[in-house]
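The values are calculated or read from the model by the stated rules, or taken from the named source; none is laboratory data. A quick note: this is a predicted structure, and the numbers were derived from the prediction, not measured. Here Cβ is always computed from backbone atoms with ideal geometry, including for glycine, and neighbour counts include all displayed protein chains. Ligands, DNA and RNA are excluded from the accessible area calculation, which covers all protein heavy atoms including side chains. Shrake-Rupley method; radii C 1.70, N 1.55, O 1.52, S 1.80 Å.
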Protein chains: 2
Amino acid sequence: MKKGKATIHDIAEKLNITASTVSRALNDNPRISENTKKQVLKMAKQLNYQPNHIASALRSGKSKLIGVLVPTANRNFFSSVVRGIEDIANELDYKVIISQSYEDPEKEIQTVDALLNARVDGIIASIGKNTENFEHFKKILDKGIPLVLFDRITNELEVSQVVIDDYYGAYETTKHLIEQGCKRIVHFTSPKKINIYRERLRGYEDALKDANIPVDPALIEESNMQLEDGRTSMENIITKGIPFDAVFSSSDYAVMGALQVLREHKISVPSQVKLAGFGNEPFTSFTAPPITTVDQKSIPMGRVTAETFFELLKLEDKKSATHKTVLKPELIIRESSLKTN
Amino acid sequence: MKKGKATIHDIAEKLNITASTVSRALNDNPRISENTKKQVLKMAKQLNYQPNHIASALRSGKSKLIGVLVPTANRNFFSSVVRGIEDIANELDYKVIISQSYEDPEKEIQTVDALLNARVDGIIASIGKNTENFEHFKKILDKGIPLVLFDRITNELEVSQVVIDDYYGAYETTKHLIEQGCKRIVHFTSPKKINIYRERLRGYEDALKDANIPVDPALIEESNMQLEDGRTSMENIITKGIPFDAVFSSSDYAVMGALQVLREHKISVPSQVKLAGFGNEPFTSFTAPPITTVDQKSIPMGRVTAETFFELLKLEDKKSATHKTVLKPELIIRESSLKTN
DNA sequence: TTTTTTTGAGCAATCGATTGCATATTTAAA
DNA sequence: TTTAAATATGCAATCGATTGCTCAAAAAAA
């Protein structure tokens, strides 16, 4: 008797009513009398009844699971977004399956499939940096399953999305560096299809133009934007003897690499070269000097994304309701970019 | 027709056989002829059949989901372990639900409940730092659901567990500091019930004793081991005027805080004070100077944990089979702890 | 050729909750 | 008092896959 878990049938039996009534009572169906509801609830508690979500999912077609696909959970930005999503989802009694693509397009496809197979009610995703084909996301849409993208989005998909204003963040950062006296600002970017780096590059270029500083292609370094890539890019610039007085990297990791290389070359930051990154990864505040960066409003982004998602879930025609939210990032000025008098 | 997804019944109908046969064919049951299997597989592909895991889970009682509970996914150590777990799980066609307790005992209890309700086939967990009551884990065991703990374990639970040899790691680190000439080594630890900090403390103490250096309680700072706590602890020591020539912190975050405070007090690392942390968080290699730390073998730990878990899953009597694996950590020596001549 | 085994499949119940369609009982309106 | 409307519950099918049991046909043994 302790053995098998209690089901609605057990409750029904004890109360001499049917399982349907119990089910309706538990779901607070208006067709059930208050009295019966009370009794059912009481008996449910007494029998330590735990609803079987799997049975419910099978019948109702709703798994109450939402799949969250991120490039890597091991990044402050992504894990914070996830946290924001979780907060909202849990309130609504949804569970979150986090899965990681590890920036690998192949793995991303598999993962989408796996989530679909797990019968999630919808998917929230941020696209891997190297993804150039979006068929697997189209597949989600074709099935009429709600999809919301955040941060790493693409124009090739007509879906709801939540992003920060990367252009603005980059523009402000570049402007700040210019105000600190910089004229030869190196920019680290990524050549991929993903929106964010393009936008940041645009912000960088426009800020320069607006200050009447020519955009010098020699100062723009493309890479995969990891720490190692930042090192390589910095070495490149130094080796080529290209003069520069600042680095604005679209990734905190890459700017960290630059800082290391500058240190090794005994180039002083910020007096000789000023630095700014993007992302506000925690380590940027640990370094010596602490690095100026752009905060991406990760927790709000998670919450907004989840809210967008659940609105979508409520609607009938998933496709027609695409919605784009843009959050303002915040420039966090630290020592690495400040003029030394 | 495109509408509803194909089921085994659709396959059965097309082939003029029954769903049971299809089911068995798909599961490679020996009672089905090779020929039939081939046909079924072909038709399945043709109809783009995707098994409904939910239906299968309901009937078989196996959800093919495994719950992973970590204090926070946003830590290199934990996310690496998760990655190791995922690797193994995915190979075996299991999906992983990651959930975070955020070091909050209350949230941890809720999360365990949520996982249980999601009908995971088992749980892999690392206990929150502030958890002092383990009833929710006992509940898992009582239900006969496999549970494996890693890293943050407790003696109050009789379960399979995978840990590193924290004692060894701490002993070696302390010994290393002593060899570099340190005699007054501050230790940052956490007062909680969790094993790891106790073991590290023990390693620290024994290394001192073995070198005939008295253990001075004034040098041992207890805290929650975050960056801020490390700052506070370091300020404490300095303010009290307690002489010291090294800090060995059981957490990389806390040692980072110490480094900041030392920097602010113009105390030079490593020439005046040497530092070592624990965990090999990526940022420890970014700092100036890079920080000596202990690598916790996170990916192997994840894999071993998953392997232990799946072995457990195979067994009948879950309880009797507890198994403890201890991995050797590795001391990573960097500039922060090296003797300056 | 008859009997026994082996092999390949079908039948039908089952997992637990949900839900459209009755039906019985009250209550309100005519 | 009769009829219509509202309220509370039951019945039974359903979601899709799994599985114990039964059975027919084919192969092997007697």
| Residues of the range B:63-80 being within 7 Å of chain A (Cβ to nearest Cβ) and more than 30 Å from residue B:130 (Cα to Cα), which ones? | B:63
| said: Consider the range B:1-26. How many of its residues are open to solvent by 80 Å² or more (accessible area, probe 1.4 Å) and near DNA strand D (Cβ under 8 Å from one of its atoms)? | reply: 3
| query | Considering B:282, B:289, which residue is over 30 Å from residue B:213 (Cβ atoms) and not assigned by TED's automatic domain parsing to the domain that holds residue B:83? | reply | B:282
| Does residue A:258 meet the test of being assigned to a helix (DSSP H, G or I) and closer than 30 Å to residue B:257 by Cα? | yes
| said: So if I check each of A:40, A:96, which one is in contact (Cβ under 8 Å) with a residue 24 or more places away in the chain, among the β-branched types (Val, Ile, Thr), crowded, with 17+ Cβ neighbours inside 10 Å and not assigned by TED's automatic domain parsing to the domain that holds residue A:153? | reply: A:40
| For residue B:268, are the conditions met, namely being among the hydroxyl-bearing types (Ser, Thr, Tyr), modelled with pLDDT of 95 or more and more than 25 Å from residue B:80 (Cα to Cα)? | yes
| Wholly within the range B:1-115, helices (runs of 4 or more DSSP H) carrying at least 3 residues that are within 11 Å of DNA strand C (Cβ to nearest atom) and over 30 Å from residue B:224 (Cβ atoms) | B:8-15, B:19-26, B:34-46, B:53-60
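Of all the residues that make up the range A:116-138, how many are of a type in the set (Gly, Ala, Ser), closer than 21 Å to residue A:58 by Cα and part of a strand (DSSP E or B)? First the steps, then the outcome.
Going residue by residue through the range A:116-138, those that are of a type in the set (Gly, Ala, Ser) are A:118, A:122, A:125-126, A:128.
When the remaining residues are screened for being closer than 21 Å to residue A:58 by Cα, the result is A:118, A:122.
Next cut, part of a strand (DSSP E or B) only: A:122.
The qualifying residues number 1.
Of the residues that make up the range B:197-210, is at least one touching a Ser or Thr at 6+ places or on another chain (Cβ under 6 Å) and touching a residue at least 60 places away in the same chain (Cβ under 8 Å)? Explain how you work it out, then say what you get.
Taking the range B:197-210 and keeping what is touching a Ser or Thr at 6+ places or on another chain (Cβ under 6 Å), we get B:197, B:200-201, B:204, B:207.
Remaining after also requiring touching a residue at least 60 places away in the same chain (Cβ under 8 Å): B:200.
Yes, the range B:197-210 contains a residue that is touching a Ser or Thr at 6+ places or on another chain (Cβ under 6 Å) and touching a residue at least 60 places away in the same chain (Cβ under 8 Å).
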| query | When only residues in the range A:241-259 that are away from chain B (no Cβ under 14 Å) and of a type in the set (Phe, Trp, Tyr) count, which is surrounded by the most Cβ atoms within 10 Å (Cβ to Cβ)? | reply | A:248
| remark: Filtering the range A:81-98 down to residues that are more than 9 Å from chain B (Cβ to nearest Cβ) and of a type in the set (A, V, I, L, M, F, W, C) yields A:81, A:85, A:88, A:89, A:92
| message | Suppose we filter the range B:27-56 for residues that are within 14 Å of chain A (Cβ to nearest Cβ) and within 8 Å of DNA strand D (Cβ to nearest atom); how many remain? | response | 8
| task | Considering (1) closer than 21 Å to residue B:80 by Cα; (2) modelled with pLDDT of 95 or more; (3) surrounded by 20 or more Cβ atoms within 10 Å (Cβ to Cβ); (4) not β-branched (Val, Ile, Thr), say which one residue B:330 fails and leave the rest. | result | (3)
| task | Might you let me know whether the range B:271-288 holds any residue that is of a type in the set (A, V, I, L, M) and either assigned to a helix (DSSP H, G or I) or open to solvent by 40 Å² or more (accessible area, probe 1.4 Å) (or both)? | result | no
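Quick one: would you say residue B:60 is polar (S, T, N, Q), within 14 Å of chain A (Cβ to nearest Cβ) and within 11 Å of DNA strand D (Cβ to nearest atom)? Steps first, please.
Details: polar (S, T, N, Q): yes; within 14 Å of chain A (Cβ to nearest Cβ): yes; within 11 Å of DNA strand D (Cβ to nearest atom): yes.
Criteria met by residue B:60.
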| task | Output the residues belonging to the range B:107-132 that are open to solvent by 10 Å² or more (accessible area, probe 1.4 Å) and away from chain A (no Cβ under 13 Å). | result | B:109, B:130, B:132
| Are any of the residues in the range A:72-86 within 16 Å of DNA strand D (Cβ to nearest atom) and crowded, with 22+ Cβ neighbours inside 10 Å? | no
| query | Does the range A:139-148 contain any residue that is touching a residue at least 40 places away in the same chain (Cβ under 8 Å), away from chain B (no Cβ under 14 Å), out of contact with any strand residue (DSSP E or B) (no Cβ under 7 Å at 6 or more places or on another chain) and assigned to a helix (DSSP H, G or I)? | reply | no
